[in-house]
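Participant: Pasting a structure here, questions to come.
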Amino acid sequence: MLIDALLARGHLPPTFTLTDLLPHPESWSAFEAAYRGKIDTPNMAAHRRYITEVAVPMLASVTRKGIVYEFHTVDANVINAFAIPGGHIFFYRGILEQAKRVENEAQLAGIVAHEINHVDRRHTIAIFEYLKRLGGVDGAGEAGQVVVGMARHPFSTKQEDEADAYAVKFLMAADYSPKEFVTMWQAWDKLDKERPGSKDPIGSELDELFRTHSRPSRRACNAMKVAMANKDPVVERYYVGATNYKKKEARARQQY
Ligand SMILES: [Zn+2]
């Protein structure tokens, strides 16, 4: 099976596309049923470009240099992001547009760095193997379901903490504010507590996020500790970029 051969080499090749991962028409069924017409749609092209530009300084810190990352959009009002082996990372529309969620470029860069680290720290490969074993996948036909499963499968708390800790290090290496990453989780924790219940229209989106990630209060603490431990005495001011985020124009193009 193609995927086994690719995974045996440690990662999927740089030129791999979604069609390579799911090479047979039947393997697309589960993936397509969930995402048909929603990935990399023209109406989100500006968002996709923005995420990719924000990711560039984050990628300078990765340890597995052989992976070529590709960033995708999912046109659905869900507040989440996910990664699959091979460096493909998906961002739902909610991450870029939902009010009071992400408020500046440093926070978005933190989420980008978190997802990159699920790949760079080999978490995605581990989950992929686990889901494959669990489902007894032996044909390419079921690979699509495994990929869909990856979008919904929670990482362990240890993996989440590790991805957050490295995200903070990546942010600091690129002079983005690590404090904003902490502030973001604190804000999400507050919003979660204010949540009236399942009648809230964004309730189900939050449920999806909390099902696949650890609690925001815990993440804020964890990120704060790493930021304090790695504080660079030379850097006086880290970049935030609230206007960049609003205009979807990366720091690399214009600093506000
Ligand atoms: Zn995560």
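The values are calculated or read from the model by the stated rules, or taken from the named source; none is laboratory data. All figures in this text were calculated on a predicted structure; none of them were measured in a lab. Note: ideal-geometry Cβ built from the backbone for every residue, glycine included; neighbour counts use all protein chains shown.
Participant: Just to verify a result, which residue in the range 79-107, among those that are of a type in the set (A, V, I, L, M, F, W, C) and more than 21 Å from Q159 (Cβ to Cβ), is surrounded by the fewest Cβ atoms within 10 Å (Cβ to Cβ)?
Facilitator: Step by step, filter the range 79-107, then rank; the result is A99.
Participant: Working only within the range 158-197, note down all residues that are crowded, with 22+ Cβ neighbours inside 10 Å and touching a strand residue (DSSP E or B) at 6+ places or on another chain (Cβ under 8 Å).
Facilitator: Once the filter is applied, which keeps residues that are crowded, with 22+ Cβ neighbours inside 10 Å and touching a strand residue (DSSP E or B) at 6+ places or on another chain (Cβ under 8 Å), the range 158-197 yields Y176, S177.
Participant: Follow-up question, since we're still on this one. Residues being crowded, with 20+ Cβ neighbours inside 10 Å and aliphatic (A, V, I, L, M): count how many of those fall in the range 39-58.
Facilitator: The total comes to 5.
Participant: For the range 219-254, which residues satisfy the criterion of being under 30 Å from M44 (Cα atoms), surrounded by fewer than 12 Cβ atoms within 10 Å (Cβ to Cβ) and touching a residue at least 12 places away in the same chain (Cβ under 8 Å)?
Facilitator: Answer for the range 219-254, where residues must be under 30 Å from M44 (Cα atoms), surrounded by fewer than 12 Cβ atoms within 10 Å (Cβ to Cβ) and touching a residue at least 12 places away in the same chain (Cβ under 8 Å): A252, R253.
Participant: Which is within 16 Å of the ligand (Cβ to nearest atom) and at pLDDT below 85, of A126, A140?
Facilitator: Just a single option satisfies the conditions, and that option is A126.
Participant: Going through the range 164-183 one residue at a time, which ones are touching a Gly at 6+ places or on another chain (Cβ under 7 Å) and within 14 Å of the ligand (Cβ to nearest atom)?
Facilitator: A167, F181
Participant: A further question on this structure: Across the range 235-256, which residue is modelled with the lowest pLDDT among those that are among the charged types (D, E, K, R) and outside any helix (DSSP H, G or I)?
Facilitator: Checking each candidate, the answer is E236.
Participant: In addition: From the list A76, A81, which residue is under 20 Å from Y50 (Cα atoms), more than 16 Å from the ligand (Cβ to nearest atom), at pLDDT below 90 and in contact with a Phe, Trp or Tyr (Cβ under 6 Å, 6 or more places away or on another chain)?
Facilitator: Being under 20 Å from Y50 (Cα atoms), more than 16 Å from the ligand (Cβ to nearest atom), at pLDDT below 90 and in contact with a Phe, Trp or Tyr (Cβ under 6 Å, 6 or more places away or on another chain) holds for just one of A76, A81, which is A76.
Participant: Inside the range 174-234, counting only helices (runs of 4 or more DSSP H) that do not spill past its ends, which hold 1 or more residues that are acidic (D, E), under 20 Å from A99 (Cβ atoms) and at pLDDT 85 or above? Give the derivation first.
Facilitator: Numbers: elements: 178-194, 203-212, 216-229.
Result: 178-194.
Participant: Next question, about the same structure. Which one is nearest to Y176 (Cα to Cα) among residues in the range 107-117 that are in contact with an Asp or Glu (Cβ under 9 Å, 6 or more places away or on another chain) and within 10 Å of the ligand (Cβ to nearest atom)?
Facilitator: H114
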